[in-house]
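> Would you mind keeping the following structure in view while I ask a few things?
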Amino acid sequence: MRFWHKILLSVLAFFIVALDVSVIMIMKKSWQLNMDSEMQRASSEQLLIANNIYENLESIQTRGATLTSTLISSVAQSYGEFYHKQGIGLQLWENDQLVYPNAGVPSVSTPESHSIQLSTELPAPYQTLSIVYQRDISDLYAKQHELNRFFVMINWIIGPILLLLLYLLIRQLTKPLKQLSKTTKTIAEGKYTERVQLRSKDEFGELALNFNRMANAVEQHVIELSNMADEKQRMVDNLAHELRTPLTSMQGFAEFLTSANIGQEEQQMAGQYILSETLRLKNLAFKLLDLSVLRHHPLTLKQVDISDLFKSVKQIEQLKLDEAGIKLEMDYSIPAVWGDHDLLTSFLVNLVENSIHASPQGSTIRLLAYVLQNEAILEVCDSGFGMTPEQSARVFEPFYRGEKSRTREYGGAGLGLSLCKQIADAHQTRISLNSTLGQGTSIRIFLQLHNICSPTL
């Protein structure tokens, strides 16, 4: 049974029971008041009749007449005939013997009728006489019976009308629940963009608003999970591709070395190629390990001296700079920044190596540190080959190589800039790239200044 069915039946049953009980109580109270009124009226009329008969008997005795049963009966008869026309019956008893009415006098009540009957004695000295008062109230019972029939008829009429009104009202009130259920089913089927279109300001509107917020969060998480899954799959595919080429070459040269008729020069060439490919695989493994460490270990920021940082970078890259015939210029206007010394060193080393690979002989790479809008900027810029906008948009993706032939020539795997992006994320800061094809590339990382009291992560 649906929820709105339960509400409809419950409310209908409660309303009908409450209405019936209320009406029955009102009718019962009304009947009681009418009966009390009739009893009071009967008591008053009986007392009046008794007083009148008493006064008549007193008047007869005052005139010196003797009170006989016939005389007393005639006095009672005069009142009995008068009140009989009003539906009131009188009986006069003397010492438990009926004095009035005589046989043949019609009674005001029948077995099918309803009446009120009261009995009282006359005042002394006529206490041997008692008057029985009987009043027909069949009309009152008839009216009550008619009222009961009317109540039953109203119940039969009101019931279907109430059922229809409650059906329309409850269907309208539960319409938001139906919309919510429909939207939930749609989202469960995988359509995460579906939302509840409800603009009311009641509890249902608040529920719809909170549901839409939850749906937005779910959709965002699903998108993130999907992107992560795509990124992982792309990374696995690229890794497989990166491993296939050197392993195939190493296998070929290993087979070449095991062949019989090769000279000393060919052996050295094959061994040198196997060594270079081994170093490239080693570099690839270390870069992947660095990426894994960054994802699972939070940083503790400390003040990093810019002079020591730049000296470390230059010391690491000096040999490659000399081999490439490229000059490294360092310029800094801030003494220190908040960060991790080893990670920032790795960040700058990767950028400088990329610049070396992308720059012609005799060019200059600039390593800068300065303040821009209350932020510390570390920047590496060159005047090398540069990149297209399409290449710039994907340059931070794992295994992406803008110029594959040149990158493979230097043993790169396309993980350097991806590692730089991970280092920036670990510092909870941003990284920017500005590159123009044929003019060079500039990459910045935005850090906190050293004079900020406590670094925030």
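> What are the residues whose amide H is under 5 Å from the amide H of PHE446, where those residues sit 5 or more places off or on another chain and H is modelled from the backbone?
For PHE446, whose amide H was placed from the backbone, the distant partners under 5 Å are ARG430.
> Counting DSSP beta bridges in the chain, what percent are antiparallel, to the nearest 5?
Percentage antiparallel, nearest 5: 90.
> For segment 301-354, what's the relative contact order in percent, using C-alpha pairs closer than 8 Å and at least 6 residues apart?
Value for segment 301-354: 59 percent.
> Could you derive backbone 3J(HN,Hα) for segment 149-166 from the dihedral phi with the Karplus parameters 6.51, -1.76 and 1.60 (θ = phi - 60°), listing whole Hz in sequence and x where the residue is Gly or Pro?
Values, residue by residue: 4, 5, 4, 5, 5, 4, 4, 5, 7, 5, x, x, 5, 4, 4, 5, 5, 5 Hz.
> Quick one: 3J(HN,Hα) in Hz for segment 420-431, Karplus 6.51/-1.76/1.60 with θ = phi - 60°, rounded, Gly and Pro as x.
Working through the residues one at a time gives 4, 5, 5, 5, 5, 5, 5, 7, 6, 9, 10, 10 Hz.
> Around TYR100, under 15 Å between beta carbons, what's the net of Lys plus Arg minus Asp minus Glu among the other residues?
Result for the local shell: -3.
> Right, here's the next one. Ranking request for peptides 436-443, 301-308: highest mean number of other beta-carbon atoms within 10 Å first, then the rest in descending order.
436-443, 301-308
> Counting only protein heavy atoms, what percent of the accessible surface of the chain is carbon or sulfur at a 1.4 Å probe?
Carbon-and-sulfur percentage of accessible area, whole number: 56.
> In the structure shown, do any of LYS302/LYS421; LYS6/LYS29; LYS28/LYS143 have a Cα-Cα gap over 23 Å, and if so which?
LYS6/LYS29
> Among 118-129, 352-363, what's the highest-first ranking by average C-beta atoms within 10 angstrom per residue?
Answer by packing, highest mean first, reads 352-363, 118-129.
> Here's a follow-up. Got a sec? Charge dipole of the chain, +1 on Cβ for Lys and Arg, -1 for Asp and Glu; which of GLY325, LEU92, VAL236 is way out at the positive end?
Going by the charge dipole, the pick is GLY325.
> List every residue whose amide H lies under 5 Å from the amide H of ILE365, counting only residues 5 or more places away in sequence or on a different chain, with H placed 1.01 Å from N in the peptide plane.
LYS327, LEU328, GLU329
> Assigning unit charges at the beta carbon (Lys, Arg +1; Asp, Glu -1) and nothing else, what dipole magnitude in debye, to the nearest 20, does the chain show about its Cα centre?
Roughly 740 debye for the chain.
> Here's something else I'd like to know. Summing Lys, Arg as +1 and Asp, Glu as -1, what charge do residues with Cβ under 14 Å from the Cβ of SER44 carry, SER44 excluded?
-1
> For LEU299 and ALA142, calculate 0.36 nm times their separation in residues minus their Cα-Cα distance, and state this gained length in nm to one decimal.
47.0 nm
> In deg cm²/dmol, rounded to 500, what helix-only [θ] at 222 nm does the chain give when every DSSP H run of at least 4 residues adds -39500 (n - 2.57) and the total is split over its residues?
Calculated mean residue ellipticity at 222 nm is -21500 deg cm²/dmol.
> Between TYR192 and residues 5 or more places away or on another chain, which pairs have amide H atoms under 5 Å apart, with H built 1.01 Å from N, and which residues are they?
When sequence neighbours closer than 5 places are left aside, there are no close amide H contacts.
The values are calculated or read from the model by the stated rules, or taken from the named source; none is laboratory data. Since the structure is predicted, the reported quantities are computational estimates derived from the model, not experimental observations. Don't worry about glycine lacking a Cβ; one is built from the backbone with ideal geometry, like all the others, and counts go over all protein chains shown. What goes into the accessible areas is simple: the full protein's heavy atoms, side chains included, and nothing from ligands, DNA or RNA. Shrake-Rupley method; radii C 1.70, N 1.55, O 1.52, S 1.80 Å.
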